[in-house]
């Protein structure tokens, strides 16, 4: 086995800010949405925390966007695969996660410096980072100050439409976050991938990296 440095320090910092922020947004969002049913925080306090954490997440998103869109690192999320090969890779990975891993089958994906994500991860992260998160940030900003953004809200169909979209994506994240956390335990040991997000290093077989670097 050899250690492969795949998660640079800025990426690790961004990741943990985003992870912690999204969890806190979900928790405060639940408190805001179900006031009276759940009373961990006063409603106004939950709103203030939700707004401030949301602002941090919006800023953190733009740091990620500018860092990736204007560098070769965007290939990590968007590998040079034709659609058919990407689809086949997603199917192979889904079969592995849902069946093969329980039978001791080898992972069809091999990590390398230029390929951090398997096809299924790549597709999922593109949907999350380039579609769902931007929409959630945008609708969150609109709901933050309805009077200031009333014209835009009206153009989009009104408060109910904007709020429905925001809550709908919130529900997706409620399911996505624990699923993402679970997939993080599917390394050679349950904490291998978590450790890598602190140290930056993943362990790979010597011959595997040699093949990918050739």
**Request:** Determine which single condition residue 170 fails, assuming it passes every other condition in (1) in contact with a helix residue (DSSP H, G or I) (Cβ under 8 Å, 6 or more places away or on another chain); (2) closer than 23 Å to residue 18 by Cα; (3) at pLDDT below 90.
**Result:** (3)
**Complete:** When every residue in segment 140-162 that is over 18 Å from the mean Cα position of the chain (by Cα) and touching a residue at least 24 places away in the same chain (Cβ under 8 Å) is compared, the one nearest to residue 31 (Cα to Cα) is 144
**Message:** Out of 165, 152, I need the residue that is under 20 Å from residue 33 (Cα atoms) and in a helix (DSSP H, G or I). Which one?
**Reply:** 165
**Request:** Confirm whether residue 20 is in contact with a helix residue (DSSP H, G or I) (Cβ under 6 Å, 6 or more places away or on another chain), at pLDDT 95 or above, surrounded by fewer than 18 Cβ atoms within 10 Å (Cβ to Cβ) and within 29 Å of residue 195 (Cα to Cα).
**Result:** no
**Fill in**
Counted residues in segment 34-62 being touching a residue at least 12 places away in the same chain (Cβ under 8 Å) and surrounded by 13 or more Cβ atoms within 10 Å (Cβ to Cβ) come to 13
**Message:** Condition (residue is at positive phi and not in a helix (DSSP H, G or I)) applied to segment 118-139: is it met by at least one residue?
**Reply:** no
**Request:** Return yes when residue 187 is part of a loop (DSSP other than H, G, I, E, B) and modelled with pLDDT of 90 or more and no when it is not.
**Result:** no
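The values are calculated or read from the model by the stated rules, or taken from the named source; none is laboratory data. These numbers come from a predicted model, not from an experiment. Quick reminder, even Gly has a Cβ in these numbers, built from the backbone with ideal geometry, and neighbours come from all protein chains shown.
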